[in-house]
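Notes for the one structure printed next.
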Amino acid sequence: MHELSIATSLVASAEEAARAAGARRVLRVHLRLGALSGVVRHALDFAYAMVIEGTLLEGSELVVQELPVVVYCATCEAEQTLPTITCFRCPTCDTPTPDVRQGREMEIDHLDAELSESPPPPPSSGDGQRGHRPMPVPPWRRG
Amino acid sequence: MANVAIAPCPSLRGDAAEPLLSLFSTMSQARIIEVRQKVLRKNDTLAARLRQRYQEAGVLVVNLVSSPGSGKTALLEETLQALPLRTAVIVGDLATENDATRLARTGAPVRQIATGTTCHLEADMVEAALEGWDLQALDILFIENVGNLVCPASWDLGEAVRVVLLSTTEGEDKPLKYPTIFNTADAAVLTKMDLAEILGFDRAAAVSSIEAVRPGLPLLDTSVRGAPGLDAWLAWLTAQYATHHPVSA
């Protein structure tokens, strides 16, 4: 049940990031979890539900993106996705390969959060325009 | 401090959302907070610091992981006496000092970590156990992890090598059942090989299981009572020590 330790670290890191960004409540935590991370999903969900109590994450949802193992096959000279973690052989040419390129991840990608109450909008400049227009946003994720 | 970047949630952007926000000026805004951070970052950071400390002190740190009862302590008892190097052990268990007491009889410095309810060692426990030890006076420091084939896999202790034990009294397919820990190991030690015949242990099947989850993993047959003995294991350890410390070896 090391998921309790993992959930504790996860919630502490997420809460620290949320506070730094001025969040008052976290709605969702997006986690990237590799097939070789050694984490059991339902055990993590269970531990998460316990650990978030009394934190900014209380009531939040843990959204997990599961990542399969990707290895590098020297014969194919290409990265290959493995359908299982119990057979480290290239699915194309059957060459054994220990060269793991993806699958050990256990990382927080991002949070969906509510920020602290917004300051009141600045007084109108009288030209009929509303103040406090949200800034345009650059793309926030790769791809 | 986390590397934090924030961006407004796209669903609340634009003119459509604006009247609502203006109407309820105290309403909070939903945001995406980018984190991109390893969950075990604190442990990993500390482990990296420990790794550097070990390297600077010239000590090879070996993390032994296995299921309970596979023979970690017995292997170490014999290893500490047979190796012509300066060795020490940190041993983790949920409770008791039994293993430390056994290992201390060899004369090597030994410290026990009682983890309480924790099923694995973490870097901060190891750092605390190192308090007051002169690492420069050591060649090899063994860390005998808590007997568990699942949890210790996720925690880096700053070790140079991770060694997983598989005993002949366990099933040959253990590596297939616990692929993560075998996959992250640098060598596998087959223990209690003197019992292989009487137990009907199928070595080829065990090797095949290990190869399936970690192709090319070095395999070392051992027994603390009779053949095949510890020669392969001691030779591997000595080679590891030489590789990590080419100057002093």
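The values are calculated or read from the model by the stated rules, or taken from the named source; none is laboratory data. Keep in mind that what you see is a predicted model, and the values were worked out from it rather than measured. Virtual Cβ from ideal backbone geometry, glycine too; neighbours counted across all protein chains shown.
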Yes or no: residue B:85 modelled with pLDDT of 95 or more, of a type outside the set (Val, Ile, Thr) and part of a loop (DSSP other than H, G, I, E, B)? yes
Looking at (1) under 20 Å from the mean Cα position of the chain (by Cα); (2) under 13 Å from residue B:166 (Cα atoms); (3) hydrophobic (A, V, I, L, M, F, W, C), which is the only condition residue B:233 fails? (2)
Consider residue B:138 carefully, then state whether it is touching a helix residue (DSSP H, G or I) at 6+ places or on another chain (Cβ under 9 Å), more than 29 Å from residue A:98 (Cβ to Cβ) and either in contact (Cβ under 8 Å) with a residue 12 or more places away in the chain or surrounded by fewer than 23 Cβ atoms within 10 Å (Cβ to Cβ) (or both). yes
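For (1) farther than 30 Å from residue A:107 by Cα; (2) hydroxyl-bearing (Ser, Thr, Tyr), each residue gets a yes or a no:
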| residue | (1), (2) |
| --- | --- |
| B:42 | no, no |
| B:45 | no, yes |
| B:55 | no, no |
| B:83 | yes, no |
| B:88 | yes, no |
| B:92 | no, no |
| B:96 | yes, yes |
| B:102 | yes, no |
Restricting segment A:75-103 to residues that are at the interface with chain B (Cβ under 9 Å from one of its Cβ atoms) and assigned to a strand (DSSP E or B), the residue that is nearest to residue B:183 (Cα to Cα): A:100
Does residue B:111 satisfy the criteria of being of a type in the set (D, E, K, R), buried (at least 17 other Cβ atoms within 10 Å of the Cβ) and away from chain A (no Cβ under 14 Å)? yes
Can you work out which of the residues in segment A:20-36 that are part of a loop (DSSP other than H, G, I, E, B) and either of a type in the set (A, V, I, L, M) or facing chain B (nearest Cβ under 7 Å) (or both) is farthest from residue A:112 (Cα to Cα)? A:36
Which pairs have Cβ atoms under 9 Å, sit 6 or more apart or on different chains, and link a residue in segment A:58-85 that is at negative phi to one that is among the aromatic types (Phe, Trp, Tyr)? A:60/A:48; A:62/A:48; A:69/A:88; A:71/A:88; A:78/A:72; A:79/A:72; A:80/A:72; A:82/A:88
From the list B:71, B:58, exactly one residue is surrounded by fewer than 19 Cβ atoms within 10 Å (Cβ to Cβ), out of contact with any Pro (no Cβ under 7 Å at 6 or more places or on another chain) and on the phi > 0 side of the Ramachandran plot. Which is it? B:58
With the structure loaded, tell me whether residue B:180 is among the polar types (S, T, N, Q), more than 13 Å from every other protein chain (Cβ to nearest Cβ) and within 15 Å of residue B:210 (Cβ to Cβ) or whether it fails that test. no
Do we have residue B:100 as within 14 Å of chain A (Cβ to nearest Cβ), part of a helix (DSSP H, G or I) and crowded, with 16+ Cβ neighbours inside 10 Å here? no
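Every residue, every condition in (1) part of a loop (DSSP other than H, G, I, E, B); (2) within 21 Å of residue A:40 (Cα to Cα); (3) in contact (Cβ under 8 Å) with a residue 12 or more places away in the chain, yes or no:
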| position | (1), (2), (3) |
| --- | --- |
| B:116 | yes, no, yes |
| B:133 | yes, no, yes |
| B:143 | no, no, yes |
| B:152 | no, yes, yes |
| B:162 | no, no, yes |
| B:172 | yes, no, yes |
| B:185 | yes, yes, yes |
Kindly indicate whether any position in segment B:196-207 is within 13 Å of chain A (Cβ to nearest Cβ), outside any loop (DSSP other than H, G, I, E, B) and either free of Cβ contacts under 8 Å to residues at least 60 places away in the same chain or within 21 Å of residue B:48 (Cα to Cα) (or both). yes
Filter result for the condition that a residue is assigned to a helix (DSSP H, G or I), at the interface with chain B (Cβ under 8 Å from one of its Cβ atoms) and in contact (Cβ under 8 Å) with a residue 24 or more places away in the chain, over A:47, A:7, A:17: A:17
